[in-house]
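Notes follow once the structure below has been shown.
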């Protein structure tokens with residue numbers, strides 16, 4: 001970790017210092033400022049809804065990397081390598097160390113539909129080039145309430161911020177796409193899964209703060225993993241305009257391993 005270059009894994013102190021020293025492209029600095037101010041600032045007199053995320057940034061827990069393209073093959077294979085490296089090392093850094101990925105913004109503005117396409121292209125690519133088999137305990141059908149994205153044998157929750165959000169400012173990033181990868185083990189270690197009292201209390205607090213922060217009701221797709229009727233995949237990138245969001249999950253998951261002649265889509 002903290003090797004030279006923006007595509008390495010960086011702890012928060014290293015990222016901040018590189019930005020201060022001018023050792024990152026402007027778009028990386030813009031992402032970092034937006035991310036930090038979004039989580040540590042207030043809106044409508046309310047702090048950012050996820051208090052775990054707020055405390056994590058205050059403590060310097062997250063690990064960061066930057067990805068110079070949302071579609072380039074080498075960039076996405078590099079992201080795969082960084083996620084796998086993160087999974088191998090994050091517990092040594094902090095029990096709350098999520099992986100925050102900043103993507104270089106496109107040269108021209110994208111629509112909401114474009115960002116949904118970009119997210120699922122990224123996740124599909126990661127799956128196609130996963131060096132580990134899909135976990136036996138996780139269904140391959142995204143319409144199953146116990147489905148979630150996996151890489152390197154680890155179930156995880158990737159959540160996005162993007163420029164197209166106008167009302168749900170808790171998901172807004174003015175710069176470009178951000179994906180924060182959080183392994184399910186991280187939630188289990190904190191005892192905040194949906195099947196625990198602590199987890200249900202955390203969910204209630206976050207939803208109350210979310211409504212005040214955004215100024216609108218929590219998204220209809222907000223739910224919990226494994227709960228009948230809830231689905232994980234729409235929560236990765238909430239829709240702002242339902243007409244631009246996919247109605248079914250646009251990813252194909254197989255247990256075939258290794259993938260025969262896997263190619264970037």
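The values are calculated or read from the model by the stated rules, or taken from the named source; none is laboratory data. In this text the structure is predicted, and so the values were computed from the model without any measurement. Note that each Cβ is placed from the backbone with ideal geometry, even for glycine, and that neighbours are counted across all protein chains shown.
Quick one: how many residues across the range 122-147 are more than 30 Å from residue 33 (Cα to Cα) and touching a strand residue (DSSP E or B) at 6+ places or on another chain (Cβ under 8 Å)?
Going through the range 122-147 one residue at a time, the tally reaches 6.
If you scan the range 38-72, which residues turn out to be in a helix (DSSP H, G or I) and within 17 Å of residue 86 (Cβ to Cβ)?
Answer for the range 38-72, where residues must be in a helix (DSSP H, G or I) and within 17 Å of residue 86 (Cβ to Cβ): 53, 56, 57.
Can you name the residue in the range 137-162 that is without any contact (Cβ under 8 Å) to a residue 60 or more places away in the chain and not in a strand (DSSP E or B) and, of all such residues, is farthest from the chain's Cα centre (by Cα)? Don't jump to the end; show me each part of the working.
As a first pass, look at the range 137-162 and keep what is without any contact (Cβ under 8 Å) to a residue 60 or more places away in the chain: 137-139, 144, 150, 153, 155-156.
After this cut, where a residue has to be not in a strand (DSSP E or B) as well, the list is 137-139, 144, 153.
Numbers: 137: 22, 138: 19, 139: 20, 144: 20, 153: 17 Å.
Once the filter is applied, the top-ranked residue is 137.
Restricting to the range 1-37, what's the tally of residues that are in a helix (DSSP H, G or I) and more than 17 Å from residue 172 (Cα to Cα)?
10
When you check residue 75 against the structure, is it surrounded by 17 or more Cβ atoms within 10 Å (Cβ to Cβ), under 26 Å from residue 164 (Cα atoms) and out of contact with any helix residue (DSSP H, G or I) (no Cβ under 9 Å at 6 or more places or on another chain), yes or no?
Working: surrounded by 17 or more Cβ atoms within 10 Å (Cβ to Cβ): yes; under 26 Å from residue 164 (Cα atoms): yes; out of contact with any helix residue (DSSP H, G or I) (no Cβ under 9 Å at 6 or more places or on another chain): yes.
When the stated conditions are applied, residue 75 passes them.
Go through (1) more than 21 Å from residue 33 (Cβ to Cβ); (2) without any contact (Cβ under 8 Å) to a residue 60 or more places away in the chain for residue 61 and report which single condition fails.
(1)
Go through (1) part of a helix (DSSP H, G or I); (2) under 21 Å from residue 104 (Cα atoms); (3) out of contact with any helix residue (DSSP H, G or I) (no Cβ under 9 Å at 6 or more places or on another chain) one by one and return the number of the condition residue 127 breaks.
It fails just one condition, (2).
From the residues in the range 16-39 that are closer than 20 Å to residue 56 by Cα and touching a helix residue (DSSP H, G or I) at 6+ places or on another chain (Cβ under 6 Å), which one is surrounded by the most Cβ atoms within 10 Å (Cβ to Cβ)?
Applying the filter and picking the extreme gives 32.
The rows are residues; the columns are (1) modelled with pLDDT under 75; (2) under 21 Å from residue 163 (Cα atoms); (3) surrounded by 17 or more Cβ atoms within 10 Å (Cβ to Cβ).
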position: 217; (1), (2), (3): yes, yes, no
position: 233; (1), (2), (3): no, yes, yes
position: 254; (1), (2), (3): no, no, no
position: 258; (1), (2), (3): no, no, no
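Run down 42, 85, 112 and say which single residue is within 21 Å of residue 165 (Cβ to Cβ) and modelled with pLDDT of 95 or more.
On the way: 42 fails: modelled with pLDDT of 95 or more; 85 fails: within 21 Å of residue 165 (Cβ to Cβ).
Being within 21 Å of residue 165 (Cβ to Cβ) and modelled with pLDDT of 95 or more holds for just one of 42, 85, 112, which is 112.
Kindly evaluate residue 60 against the criterion of being touching a helix residue (DSSP H, G or I) at 6+ places or on another chain (Cβ under 6 Å) and within 24 Å of residue 186 (Cα to Cα). Walk me through how you get there before you give the answer.
Values: touching a helix residue (DSSP H, G or I) at 6+ places or on another chain (Cβ under 6 Å): yes; within 24 Å of residue 186 (Cα to Cα): yes.
Judged against the criteria, residue 60 is a match.
For residue 166, state whether it is surrounded by fewer than 17 Cβ atoms within 10 Å (Cβ to Cβ), over 14 Å from the mean Cα position of the chain (by Cα), at pLDDT below 95 and closer than 29 Å to residue 215 by Cα. Even if it seems obvious, please write down each step before you answer.
Numbers: surrounded by fewer than 17 Cβ atoms within 10 Å (Cβ to Cβ): yes; over 14 Å from the mean Cα position of the chain (by Cα): yes; at pLDDT below 95: yes; closer than 29 Å to residue 215 by Cα: yes.
In short, yes.
If a residue has to be part of a helix (DSSP H, G or I) and surrounded by 20 or more Cβ atoms within 10 Å (Cβ to Cβ) to count, how many in the range 81-111 make the cut? I'd like the intermediate steps shown before the answer.
So in the range 81-111, the residues part of a helix (DSSP H, G or I) come out as 81-93.
The next check asks that each one be surrounded by 20 or more Cβ atoms within 10 Å (Cβ to Cβ); those that pass are 82-83, 86, 90.
Of the residues in that region, 4 qualify.
All but one of (1) modelled with pLDDT of 95 or more; (2) more than 30 Å from residue 256 (Cβ to Cβ) hold for residue 242; which doesn't?
(1)
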